[in-house]
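Enquirer: Please read through the structure below; I'll follow up with questions.
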Amino acid sequence: MTSHKPPLYRTHRSAGADFTDFGGWEMPASFDSIRTEHGAVRDAVGRFDISHMSEVVVRGPDAAALTNRLTTNDVRELEPGDAQYSCILNDEGVILDDIVVYRYPERDGYLFVPNAGHGEQMATRWEERASTLEFDATVEDRTEETGMLAVQGPDAVEAVESVTADSVADLSQFTARRTEIDGVSCLVARTGYTGEDGYEIVFPAADSETVWAAFDGIQPCGLGARDTLRLEAGLLLSGQDFDPDSEPRTPLEAGLGFVVDFEKPSFVGKAALRELEETGVDEQIVGLRIEDRAIARHGYAITDGDDEVGHVTSGTMSPTFDVPLALGYVDTEYAADGTELGVEVRNQTVDATVVDQRFLNTLEADT
Amino acid sequence: MSFNVPDDRRYRESHEWALPTDDGIRVGITDFAQDELGDVVFVELPDEGDSVAQDEEFGVVESIKAVSDLYAPVGGEVLAVNEALFDSPELVNDDPFGEGWMLEIEGADETELEELLSADEYEDQIA
């Protein structure tokens, strides 16, 4: 895979960031400590360079119909400026990627945001389908030309409002507005991946310095904190919590049934999901609270006595609650909240309890 | 980035340090190691009275992003473990050569200490 450097690479390097390869992009893993960055987002506000995310633009008379065929949620519900979380499936109903679809507020067309390294593949998928269906739509992978950053946390509204030419405080969740930041045209959306209020901002890659600098003074955060934040919020990571090769999962197993609209006309994977919905899934994703001093990491076995009943896909030490948390798939009979299971950590079994994967809600309720 | 490498002690290539004290040999991990690991969240150590052999695993240090085995720079009997690390593992990040120490080992063979790297040699290794 080609290694891309984000336009802000040098800026981050000067700020003392450690870098990591993620989906073919060399991105900041951390600027300070994960705890510091995580805490800033939970308590105040943090900013993230997320230019590794892909951007694909779909235009033309059949743009909505095409996107509707290739995603699980109903694109036709989107008014200008609306955004929607959705999944892209193969014919077997297995998730290829999860995306956010934006309908442009100020012009025709849609922008969708696949995960790092998936832009080209998804643009090709859209083009091929348009050709097969004889749909009138143009598809463009704009990942290289597009910059993206996230400003997240309880103080994010104040922070973003203070730099945008138009007010964005009134935007509701999953809506976006076109405005300017220091003269740069930006799409500002009330979306995020941290479990906090906040915005994701899309702009021309060439203007990255200007937009990033507009938020100077706000804690910069790397992918390390992005991972602990999303995990506490129970949000899945493409390529890890589901992946067509290493972790093939349907939205029903992955707890993403809420983005599958069975009412809409044909979409890729619908028939397979329909069948699965009737027979029921064998395994499903759960949240796990680890009751011992160990982190349950990706790939570790989940057990009931001597039986292996599942495996961990993501795990971390929760900086907010100071307990280890994990996501994993287990046989459905073990998926009820409160089920006591084990996780194999370095040849020892540690106790784990199944809890609602939206740990931020669940665990706050406990304390 | 430059790391602190005090010259009052010796080092193992795997980033543990060994410092002779009045009672025995104190063991911990280096500034470089704690920086590589990031936020340390758990430290698993042997019990007092256990014996450890040079170059063998004596415990585990776990950070948010990684888990790493700890190797004994010298062998002997565990005289003391730093129990403060069980409640405050972040001491390993904050003060790796001081408050973040892990074990005190007694009865170590003098030659084992000499086999370890000097501060200069270790500094070259991490440069």
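Enquirer: Please specify each residue of region A:272-324 satisfying the condition of being open to solvent by less than 10 Å² (accessible area, probe 1.4 Å), out of contact with any strand residue (DSSP E or B) (no Cβ under 6 Å at 6 or more places or on another chain) and under 30 Å from A:A40 (Cβ atoms).
Expert: A:T316
Enquirer: Within the bounds of region A:15-38, is there any residue that is crowded, with 21+ Cβ neighbours inside 10 Å, more than 14 Å from chain B (Cβ to nearest Cβ) and out of contact with any Ser or Thr (no Cβ under 8 Å at 6 or more places or on another chain)?
Expert: No - not one qualifying residue is present in region A:15-38.
Enquirer: Considering only residues that are out of contact with any Ser or Thr (no Cβ under 8 Å at 6 or more places or on another chain), surrounded by 17 or more Cβ atoms within 10 Å (Cβ to Cβ) and either within 14 Å of chain A (Cβ to nearest Cβ) or not in a loop (DSSP other than H, G, I, E, B) (or both), which ones fall in region B:1-23?
Expert: Listed by number, the residues that qualify are B:A18, B:L19.
Enquirer: While we're looking at this one, here's another question. Residues A:G119, A:G46, A:G81: which one is open to solvent by less than 10 Å² (accessible area, probe 1.4 Å), under 30 Å from B:E90 (Cα atoms) and either modelled with pLDDT of 95 or more or within 16 Å of the chain's Cα centre (by Cα) (or both)?
Expert: A:G46
Enquirer: Look at A:T124 and say whether it is in contact with a helix residue (DSSP H, G or I) (Cβ under 9 Å, 6 or more places away or on another chain) and of a type in the set (S, T, Y).
Expert: no
Enquirer: Please find, among A:R69, A:R59, the residue that is surrounded by 19 or more Cβ atoms within 10 Å (Cβ to Cβ) and more than 14 Å from chain B (Cβ to nearest Cβ).
Expert: Working: A:R59 fails: surrounded by 19 or more Cβ atoms within 10 Å (Cβ to Cβ).
That would be A:R69, the only listed residue that is surrounded by 19 or more Cβ atoms within 10 Å (Cβ to Cβ) and more than 14 Å from chain B (Cβ to nearest Cβ).
A quick yes/no check of all residues on (1) in the same structural domain as A:H118 (by TED's automatic domain parsing); (2) in contact with a strand residue (DSSP E or B) (Cβ under 6 Å, 6 or more places away or on another chain):
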{"residue": "A:W25", "(1), (2)": "no, yes"}
{"residue": "A:A40", "(1), (2)": "no, yes"}
{"residue": "A:G60", "(1), (2)": "yes, yes"}
{"residue": "A:A64", "(1), (2)": "yes, no"}
{"residue": "A:Y85", "(1), (2)": "yes, yes"}
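Enquirer: Do you know which of the residues in region B:54-67 that are over 14 Å from the mean Cα position of the chain (by Cα) and hydrophobic (A, V, I, L, M, F, W, C) is farthest from the other protein chains (Cβ to nearest Cβ)?
Expert: B:A66
Enquirer: Taking region B:24-45, which residues are more than 11 Å from chain A (Cβ to nearest Cβ) and modelled with pLDDT of 95 or more?
Expert: Those that are more than 11 Å from chain A (Cβ to nearest Cβ) and modelled with pLDDT of 95 or more: B:I25, B:R26, B:V27, B:G28, B:I29, B:T30, B:D31, B:F32, B:A33, B:L45.
Enquirer: Have a look at B:E112, B:E99, B:E106 and point out the one that is in contact with a strand residue (DSSP E or B) (Cβ under 6 Å, 6 or more places away or on another chain) and under 19 Å from B:T21 (Cβ atoms).
Expert: After ruling out the rest, the residue left standing is B:E106.
Enquirer: Working carefully through the options A:V330, A:V345, find the one that is within 12 Å of chain B (Cβ to nearest Cβ) and either farther than 22 Å from A:T228 by Cα or buried (at least 20 other Cβ atoms within 10 Å of the Cβ) (or both).
Expert: Among A:V330, A:V345, only A:V345 is within 12 Å of chain B (Cβ to nearest Cβ) and either farther than 22 Å from A:T228 by Cα or buried (at least 20 other Cβ atoms within 10 Å of the Cβ) (or both).
Enquirer: Of the residues B:L70, B:L85, only one is among the hydrophobic types (A, V, I, L, M, F, W, C), assigned to a strand (DSSP E or B) and either surrounded by fewer than 22 Cβ atoms within 10 Å (Cβ to Cβ) or within 14 Å of chain A (Cβ to nearest Cβ) (or both); which?
Expert: Among B:L70, B:L85, only B:L70 is among the hydrophobic types (A, V, I, L, M, F, W, C), assigned to a strand (DSSP E or B) and either surrounded by fewer than 22 Cβ atoms within 10 Å (Cβ to Cβ) or within 14 Å of chain A (Cβ to nearest Cβ) (or both).
Enquirer: If you check every pair at least six apart or on different chains, which have Cβ atoms under 7 Å apart with a residue in region A:347-366 that is among the basic types (K, R) first and a residue that is outside any strand (DSSP E or B) second?
Expert: Close Cβ pairs (under 7 Å, with a partner that is outside any strand (DSSP E or B)) amount to A:R358/A:A233; A:R358/A:G234.
Enquirer: Condition first: open to solvent by 60 Å² or more (accessible area, probe 1.4 Å), in the same structural domain as A:A205 (by TED's automatic domain parsing) and more than 26 Å from A:M27 (Cβ to Cβ). Can you find one or more residues in region A:140-155 that meet it?
Expert: Checking region A:140-155: not a single residue is open to solvent by 60 Å² or more (accessible area, probe 1.4 Å), in the same structural domain as A:A205 (by TED's automatic domain parsing) and more than 26 Å from A:M27 (Cβ to Cβ).
Enquirer: Quick test for you: out of A:D245, A:D261, pick the one residue that is out of contact with any helix residue (DSSP H, G or I) (no Cβ under 6 Å at 6 or more places or on another chain), surrounded by fewer than 20 Cβ atoms within 10 Å (Cβ to Cβ) and within 30 Å of B:K65 (Cα to Cα).
Expert: Step by step, each of A:D245, A:D261 is checked, and only A:D245 is out of contact with any helix residue (DSSP H, G or I) (no Cβ under 6 Å at 6 or more places or on another chain), surrounded by fewer than 20 Cβ atoms within 10 Å (Cβ to Cβ) and within 30 Å of B:K65 (Cα to Cα).
The values are calculated or read from the model by the stated rules, or taken from the named source; none is laboratory data. Keep in mind the model is a prediction, meaning the values are calculated, not measured. Glycine gets a Cβ as well: all are built from the backbone with ideal geometry, and neighbour counts include every protein chain shown. Note: areas computed on protein heavy atoms with side chains; ligands, DNA, RNA excluded. Shrake-Rupley method; radii C 1.70, N 1.55, O 1.52, S 1.80 Å.
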